[in-house]
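> I'd like to ask you about the structure that follows.
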Amino acid sequence: MSVELETATTDQRPAGNGVHSMEVRDVHKSFGPFDVLTGLNLNFVDDAITTILGPSGTGKSVLIKHLVGLLEPDRGEVLIHGQNIWGISKQERYELRKRFGVLFQDGALFGSMNIFDNVAFPLRKHTDTSESDIADIVMDSLAEVGLEQAASKLPSEISGGMRKRAGFARALILGPDIVLFDEPDSGLDPVRTSLLNDVILDMHSRHKGTYLVVTHDIRTARKVSDYVGVIWKGKAVHYGEAEAAFNSPDPFVRQFLSGESAGPLGMD
Ligand SMILES: Nc1ncnc2c1ncn2[C@@H]1O[C@H](COP(=O)(O)OP(=O)(O)OP(=O)(O)O)[C@@H](O)[C@H]1O
Ligand SMILES: [Mg+2]
């Protein structure tokens, strides 16, 4: 099988100051004998929504953990706002992490806290905002994701789609300039996925920021992407404007983005 192992760079607009908010340079990561990231290069376009697609087990969640500094590369660099996150102190890395909004694959709301307290949590932990201001901010944010009626409910008392939206509200509550979503659509039916995608687009157009959405759902990718990246066997094999990706002549990209079983991509 021949796959063009090159990251497209031609259509990436540099940020105003020439620094990308997120950059991954030649990152390698192995777990024991398993080489997961094998020289990953990605230069995310600022203030755009990039979706990352790729087969299961190809290292998408591992990429997200590298971007937030939860995993350290064996080789290569992760740059956030131009800073190598492993070239700074632990405290600085911690400060940097506050600028991220992250929605992990497994949701991760606190089960014993109601939705209000879940969304308020980062404000209480990282800021000295008064409780009355917290109430205003959290209720505004719940209204934005259509959950103002669910504030006093526990995560177990609301649907999967509502939990995702609550996780989204929590991820955005500190006004992050980078937002990472690991499969926001997993476990949701097509209608709820579509509604969640509307919320993602709406929040992005209101608050801006550099968004990275990992998804398996081609419809999600079609709906929300400004840019599309494809990861395969630990490398970025494609990164470019969504429109071009969906019309790509590359047989691998075509097969992956159309979800067809025939093509160069096998089950190995
Ligand atoms: N902490 C870890 N220790 C050991 N192996 C790990 C660890 N984290 C991830 N892996 C392995 O790395 C590989 C890539 O995992 P990752 O979760 O990034 O895949 P993915 O692309 O997100 O897949 P999916 O689409 O199914 O979520 C898998 O084989 C996984 O078992
Ligand atoms: Mg994953």
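Here, each number is a calculation from the coordinates, and none is a lab measurement. What you see is a predicted model; the values in this text were computed from it and never measured. Neighbour counts run over all protein chains shown; Cβ positions are idealised from the backbone, glycine included.
> Determine, for ILE115, ILE158, the number of other Cβ atoms within 10 Å of each Cβ, and report the residues in order from fewest to most.
ILE158, ILE115
> Tell me, LYS235, LYS90, LYS65 in order of fewest to most beta-carbon neighbours within 10 Å?
LYS90, LYS65, LYS235
> Still on this model: Taking the Cα centre of each part, how many Å lie between the range 87-165 and the range 31-51?
Here the answer is 26 Å between Cα centres.
> Mind running the shape call on the range 193-236? Use the C-alpha gyration tensor, a ≥ b ≥ c as the square roots of the eigenvalues: rounded below 1.5 for a/c, prolate if a/b tops b/c, oblate otherwise.
oblate
> On C-alpha positions alone, give me the angle between the axis of helix 190-207 and the longest principal axis of the chain, in degrees, nearest 10.
Roughly 80 degrees between the two axes.
> Another one. Which of the listed residues, ALA245, PRO122, VAL138, is farthest toward the dipole's positive end in the chain, when Lys, Arg count +1 and Asp, Glu count -1 at the beta-carbon?
PRO122
> Only counting other Cβ atoms within 10 Å, I'd like SER248, SER89 sorted with the fewest neighbours first.
Sorted ascending by nearby Cβ count, the order is SER89, SER248.
> I've got another one for you. If the only charges are +1 at each Lys and Arg Cβ and -1 at each Asp and Glu Cβ, what is the size of the charge dipole of the chain around the Cα centre, to the nearest 20 debye?
Result for the chain is approximately 400 debye, rounded to the nearest 20.
> Continuing with the same structure: Indicate the gyration tensor shape class of the range 64-106 (rounded, prolate or oblate), computed on the Cα atoms with a ≥ b ≥ c the square roots of the eigenvalues: a/c under 1.5 is rounded; otherwise a/b larger than b/c is prolate and the rest oblate.
On the way: a/c = 1.86, a/b = 1.23, b/c = 1.51.
Oblate shape, in that a/c is at least 1.5 and b/c is the bigger or equal ratio.
> Using a/c under 1.5 as the rounded threshold, could you call the range 136-185 rounded, prolate or oblate? The axes a ≥ b ≥ c are square roots of the C-alpha gyration tensor eigenvalues, and prolate needs a/b larger than b/c, oblate otherwise.
Cα axes put the range 136-185 in the oblate bin.
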